[in-house]
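The block underneath contains the structure these notes are about, expressed in structure tokens.
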Amino acid sequence: MTQSRSSDPALPIVELAGVHLTLDSGAGPVNILRGIDLSVARGERIGVVGPSGSGKSTMMMVMAGLERPSSGRITVAGKEFAGLNEDGLARFRRDHVGIVFQAFHLVPTMTALENVAIPLEFAGASDAFDRARKGLEAVGLGHRLTHYPGQLSGGEQQRVALARAFVAEPSLLLADEPTGNLDADTGAQVVRLLFELAERNGTTLILITHDNALARSCDRTVRLSDGRIVDDGLGRPAQAPATVAAQ
Ligand SMILES: Nc1ncnc2c1ncn2[C@@H]1O[C@H](COP(=O)(O)OP(=O)(O)OP(=O)(O)O)[C@@H](O)[C@H]1O
Ligand SMILES: [Mg+2]
């Protein structure tokens, strides 16, 4: 893990302050995030819950620097995103952040092994394939190394995505429904593995989930509704409800 002044362990690893995001749709502007304030301590395990359409995936995209907010401040591992251009954000993600997307985002023309090795290769690791193989073995896919995503089940693709997100030992792992496509046993196994890997590497976990058992296993649960945090799991009073009708 990269240690520098920008990753002071005493500071929160993630800080969102007054984050708003408005996007244009065919029917006019949509207020997707409506003033998000959130502080996450290093090593914390956060479950993010809330109804479909409440803004969970969007909040994750903003935390990963994949979507720029309309207003507000985002600081991750001591870096303020406003000061980084697209290349800077991509380098920052490579060095600090692992991401598991809701739709996996595996490269269809690459095998499971190649998909997991990519972030390591980008980072210039000489043992990328060896580490990728170990990562896939850890998620129970040692027998599927040369399969392409189209030859894997949904749950297997999800596990490849998890192995890829973890392989570079990120300080922050963002995962969107990491157990959404898994049966109960495999899901429980993947969660155990996530927590073990996180503990070993000191990784902060932010897990979006509809799975109450997974949310309960986290240190705290952050609840979103209509683009706002209505409960940050710290016992603070919820924000006032939105006065504007949801789009
Ligand atoms: N590019 C976009 N343009 C306009 N509206 C969008 C765009 N992306 C997302 N939205 C809207 O923003 C809202 C929040 O979407 P988001 O994907 O963050 O929800 P979510 O909480 O992750 O839901 P789910 O549990 O179904 O995955 C939704 O109402 C969605 O339709
Ligand atoms: Mg989502």
When every residue in the stretch 42-70 that is of a type outside the set (Val, Ile, Thr), outside any strand (DSSP E or B) and in contact with a Lys or Arg (Cβ under 9 Å, 6 or more places away or on another chain) is compared, the one farthest from ligand 2 (Cβ to nearest atom) is 44
Look at residue 73 and say whether it is more than 9 Å from ligand 1 (Cβ to nearest atom) and outside any strand (DSSP E or B). no
Number of the exception - residue 88 against (1) exposed (fewer than 15 other Cβ atoms within 10 Å of the Cβ); (2) part of a strand (DSSP E or B); (3) out of contact with any Leu (no Cβ under 9 Å at 6 or more places or on another chain): (2)
Name every residue in the stretch 76-85 that is touching a strand residue (DSSP E or B) at 6+ places or on another chain (Cβ under 9 Å), at pLDDT 95 or above and outside any helix (DSSP H, G or I), in order of residue number. 76, 80
Cβ-Cβ below 8 Å, separation at least six or inter-chain, first residue in the stretch 74-95 and on the phi > 0 side of the Ramachandran plot, second exposed (fewer than 14 other Cβ atoms within 10 Å of the Cβ) and part of a helix (DSSP H, G or I): which pairs? 78/5
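Counting just the residues of the stretch 28-43 that are farther than 22 Å from residue 11 by Cβ and of a type outside the set (Val, Ile, Thr), which one comes out surrounded by the fewest Cβ atoms within 10 Å (Cβ to Cβ)? Working first, answer last.
So in the stretch 28-43, the residues farther than 22 Å from residue 11 by Cβ come out as 28-35.
Cutting the leftovers down to of a type outside the set (Val, Ile, Thr) gives us 28-29, 31, 33-35.
Numbers: 28: 7, 29: 11, 31: 19, 33: 27, 34: 18, 35: 17.
Among those residues, the one meeting the criterion is 28.
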Within the stretch 149-236, which helices (runs of 4 or more DSSP H) (wholly inside it) include 2 or more residues that are buried (at least 21 other Cβ atoms within 10 Å of the Cβ)? 154-166, 184-201
Just one of the numbered conditions (1) part of a loop (DSSP other than H, G, I, E, B); (2) under 26 Å from residue 226 (Cα atoms); (3) at pLDDT 95 or above; (4) of a type outside the set (Gly, Ala, Ser) is not true of residue 143; which one? (2)
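The values are calculated or read from the model by the stated rules, or taken from the named source; none is laboratory data. Remember, predicted model here, so these are calculated numbers, not experimental data. Cβ atoms come from the backbone with ideal geometry, glycine included; neighbour counts cover every protein chain shown.
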